[in-house]
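Here is the structure we will look at.
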Amino acid sequence: MSYTGEVKVGGAPDVRELPALTITKVAVDEKMSNNCYLLRCNDTGEQVLVDAAASSETLLPLIGAGGLSAVVTTHQHWDHHRALADVVRETGATVVAGEPDADAITEQTGVAIDRRVSDGDTVAVGTCSLEVIRVTGHTPGSICLLYRDPTGHPHLFTGDSLFPGGVGGTFGDADAFVSLIGDVETKLFGTLPDDTWFYPGHGSDGTLGSERPHLAEWRERGW
């Protein structure tokens, strides 16, 4: 069956097989319904997890005997790293996070950040590479991860910075919203094509092309 990105907590993961990279999406925690993404290099078997959000009892069997080279936390909010300590303890994975959010993640989880990343950095998944894009606003150090599939369209993991229907919340902070919508417009929509498929931290996936016509509307409404 083809990948849809529609997952439910307690349900089966959805798996997308690209020529070089396999993307497995799973939802965890009934209350928050976070998405976690396990990325596996098809050449080497190396794996990277995007957001150890919760439910290590779900994530660790998904990771399996192949182990984990790194776990990337997209931002500092509590619901995106509740299983981080368990996953790192069991796998020994390198811990990656955006520079301005790193200390907060450590304070909340007790897990040291091994790599503090920002624009221009990359995270290897075997022979594949994820480009780090810092998008400031939902939190100071939120990051997106971009995989440029050499045989198809780009794939973008957006955390809580971009969803179908709008950008992430900025909790009434007007300056943070201006920063977030500016970075999303410039760094994501301004550089990537319409067929870019994006994978958010909650809910369904989307494409930049479907959302692009609404950018002015988002800016006007202020959220």
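The values are calculated or read from the model by the stated rules, or taken from the named source; none is laboratory data. Everything quoted here is computed from the prediction, not taken from an experiment. So basically every Cβ, Gly included, is an ideal-geometry build from the backbone, and we count neighbours across all protein chains shown.
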Per the filter on segment 23-64, residues of a type outside the set (Ser, Thr, Tyr), assigned to a loop (DSSP other than H, G, I, E, B) and closer than 22 Å to Ala97 by Cα are Asp29, Met32, Glu46, Asp51, Ala52, Ala53, Ala54
* Quick check: anything in segment 196-218 modelled with pLDDT of 95 or more, part of a helix (DSSP H, G or I) and closer than 18 Å to Arg148 by Cβ? -> yes
In segment 18-35, anything free of Cβ contacts under 8 Å to residues at least 24 places away in the same chain and not polar (S, T, N, Q) is listed as Ala27, Glu30, Lys31
In segment 80-120, residues that are closer than 22 Å to Val26 by Cβ, within 15 Å of the chain's Cα centre (by Cα) and part of a strand (DSSP E or B) total 3
Exception for Gly11 within (1) surrounded by 21 or more Cβ atoms within 10 Å (Cβ to Cβ); (2) over 22 Å from Val132 (Cβ atoms); (3) not hydrophobic (A, V, I, L, M, F, W, C) falls at (1)
Flagged in segment 121-136 as farther than 10 Å from Val96 by Cβ, touching a strand residue (DSSP E or B) at 6+ places or on another chain (Cβ under 7 Å) and in a loop (DSSP other than H, G, I, E, B), in numbering order, are Gly126, Thr127, Val135
In the set Thr139, Thr58, Thr122, the lone residue that is touching a Leu at 6+ places or on another chain (Cβ under 9 Å) and either closer than 30 Å to Gly222 by Cβ or among the polar types (S, T, N, Q) (or both) is Thr122
